[in-house]
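The values are calculated or read from the model by the stated rules, or taken from the named source; none is laboratory data. Because the structure is predicted, anything quoted here is derived from the model rather than measured. No Cβ is skipped: glycine too gets one built from the backbone with ideal geometry, and neighbour counts run over all protein chains shown.
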């Protein structure tokens, strides 16, 4: 049975070969996760939109370099991160006010797929607001390692491949981010489940 990943891989193979007609379906399958990743990398919703568009343009330009059999999403995440780092370097040379990580537009996007009861939704939203704010306080390297592993479900090895570093380094970065979040949530009155770390899962998968 063909899995979504298999279908995505086949679409990307065809797109890389110059079959532009498949882009619409490719976009439909990739866009939600890719845009969510952009929202986690930058502070403001408008910045996330810009990064998302930049990523799509870079993906189009680099499509001939896609290796059949590789993970499309991992490849796209690497392109997104590269675009993000280029933007950070540019802004270091030309600093400007980037706004708050709690930008309302970004929060609306992160909350758009709410599926809880009203009471649970309020709790989940409050929890995610804390996680979002605290992620914004982390270094870019620690934040992206956490997001790839805890939110996007990549293995440490897969995240290391996306980030171009070793599994040990990625594991260390993600752990630092996790410990920062654990302390922040504890200070805010949230308690982590000792068995499955449920606050983490609720925060990023709703």
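Descriptive notes on the structure:
- Selection count, region 33-43, where residues are buried (at least 19 other Cβ atoms within 10 Å of the Cβ) and outside any helix (DSSP H, G or I): 1
- Qualifying residue in region 44-65 (condition: outside any helix (DSSP H, G or I), in contact (Cβ under 8 Å) with a residue 24 or more places away in the chain and outside the structural domain of residue 133 (by TED's automatic domain parsing)): yes
- One residue stands out among those in region 189-200 that are farther than 18 Å from residue 145 by Cα and in a helix (DSSP H, G or I): the one that is modelled with the lowest pLDDT, which is 198.
- Test: residue 81 is farther than 22 Å from residue 3 by Cα and either at pLDDT below 95 or under 15 Å from the mean Cα position of the chain (by Cα) (or both): yes
- Evaluating residue 91 against the criteria (1) surrounded by 13 or more Cβ atoms within 10 Å (Cβ to Cβ); (2) assigned to a helix (DSSP H, G or I); (3) at pLDDT below 95 leaves one unmet condition, (1).
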